[in-house]
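The values are calculated or read from the model by the stated rules, or taken from the named source; none is laboratory data. Keep in mind that what you see is a predicted model, and the values were worked out from it rather than measured. When we count neighbours, we look across all protein chains shown, and the Cβ atoms used for this are built from the backbone with ideal geometry, even at glycine. Heavy atoms of the whole protein, side chains included, go into the accessibility calculation; ligands, DNA and RNA do not. Shrake-Rupley method; radii C 1.70, N 1.55, O 1.52, S 1.80 Å.
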Amino acid sequence: MAAPQFAKTHEWIRLEADGLATVGISSYAVEALTDLVFMQLPKVGRQVKAGESIGEIESVKAVSDFYAPVSGEVVEVNASLPNQLETLGNDPYGNGWLVRIRPTSPAELDTLLDQAAYDSLIKSQPH
Amino acid sequence: MTELLVWLDEPAEGHANMAADEVLAGEAVRQNRPLVRFYRWSQMTVSLGAFQPIATAEAEPAIASLPLVRRPSGGGAIVHGSDLTYAVAVPRDHPWGDRPQVLYDAFHQSLVDVLGSRGIVARLHPGRGLQENDEGRLLCFDRRARGDLVVSGPSPDGHKLLGSAQRRLKAAVLQHGSLLLETPRGVGAAAAHAGLFELFPEARSWPEGAIVAAWLDRLTATTGVEPRIAGGPFAAAHADKIAAAAGRFEDAAWLRRR
């Protein structure tokens, strides 16, 4: 399994053997939101551009957008996730995945952060 | 020291206030500094949280006569018109833009301090947690989240006077807050929460501007921001952008998105 890469907006993405990219939200972002209560996922078939908002997630007092790390077509969404939001916190890099995208510009993956760079980004966040 | 640009705006309708706040978020990014608007509402209006089901609001007889608008921020429904609303917009890379609780606590604790200096004991609620099903309660002032400003009341949860909620965008955080000054008029008992002036009659004599000034002074003392009152209303300075943004908040598709 390929190692995940990260967007500065805290989404992770992993290129799978079938050429699809699985997208989720980093454990750091999930922890920061706390007490998740609602999620809206994009529709399957939607064409998205890198950096475009593709869904929203609400915690007790905040609504956050999440963004497509790469351009492409949304080919699958984790439809059970909105009814099992605790999965995001328990398994953010596994069963807590959000969408699968068929990338149209795989080179966009090269612009994302690896684990070490993302860890550095988190450490530099103001507290 | 970070400058906090402050507007004390005239009352406006719901869609105009929401549009102005959306523009405020964009301006915070463009100017790379926090901005805040304090304002009132020109008519009694219920604002819904970003994902609250509209059917729940329409089924509540206590607010049946009031117009509805949907906020971009989360949280519960608020009856506006007898409250003082603020919207603060912060670039995501500002210290206030990191974890949600940081910005809540900055504004709420500073008002706790202001009230305390005037003899009113307030505190930040520790939060009831999801098991209390607060999300099932329509109205913000019936909910208790961590950091809500409460004063002593008939229940251990206290009486809530200030609640806030956020929209966390790619480059900015927009936080809405509502300080309940008086009991809303024209609503049923279920929405008729007592405000600061009913609970503490001495507060009625405080000029509104003095409350805001003391609040900003305390923010300076606790967070180091340097407030500066802007010249002229925010709405006038950004009329074109606000007019362009207002359409979305008037659109039934936005109001009825859930």
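Here are a few things to note about the model shown:
- Members of segment A:99-119 found to be touching an Asp or Glu at 6+ places or on another chain (Cβ under 8 Å) and crowded, with 19+ Cβ neighbours inside 10 Å, listed by number: A:V99, A:R100, A:I101
- Contacts under 9 angstrom Cβ, first residue in segment B:224-242 being more than 15 Å from B:A28 (Cα to Cα), partner open to solvent by 50 Å² or more (accessible area, probe 1.4 Å) and assigned to a helix (DSSP H, G or I), 6 or more apart: B:G231/B:A237
- Qualifying residues in segment A:55-94 (those that are open to solvent by 20 Å² or more (accessible area, probe 1.4 Å), more than 12 Å from every other protein chain (Cβ to nearest Cβ) and among the β-branched types (V, I, T)) - the one nearest to the chain's Cα centre (by Cα): A:V77
- Top-ranked residue of segment B:138-151 - restricted to ones that are within 12 Å of another protein chain (Cβ to nearest Cβ) and of a type in the set (D, E, K, R), ranked as surrounded by the fewest Cβ atoms within 10 Å (Cβ to Cβ): B:R146
- Test: A:E52 is farther than 30 Å from B:G163 by Cβ and open to solvent by 20 Å² or more (accessible area, probe 1.4 Å): yes
- Condition check for B:G231: open to solvent by 50 Å² or more (accessible area, probe 1.4 Å) and either modelled with pLDDT under 95 or within 17 Å of the chain's Cα centre (by Cα) (or both): yes
- Residue list for segment B:55-66, restricted to those being touching a residue at least 24 places away in the same chain (Cβ under 8 Å), within 13 Å of B:R256 (Cα to Cα) and surrounded by fewer than 16 Cβ atoms within 10 Å (Cβ to Cβ): B:T56
- Residues in segment B:96-128 that are within 14 Å of chain A (Cβ to nearest Cβ), assigned to a helix (DSSP H, G or I) and either under 17 Å from B:L180 (Cβ atoms) or free of Cβ contacts under 8 Å to residues at least 40 places away in the same chain (or both): B:V102, B:Y104, B:F107, B:H108.
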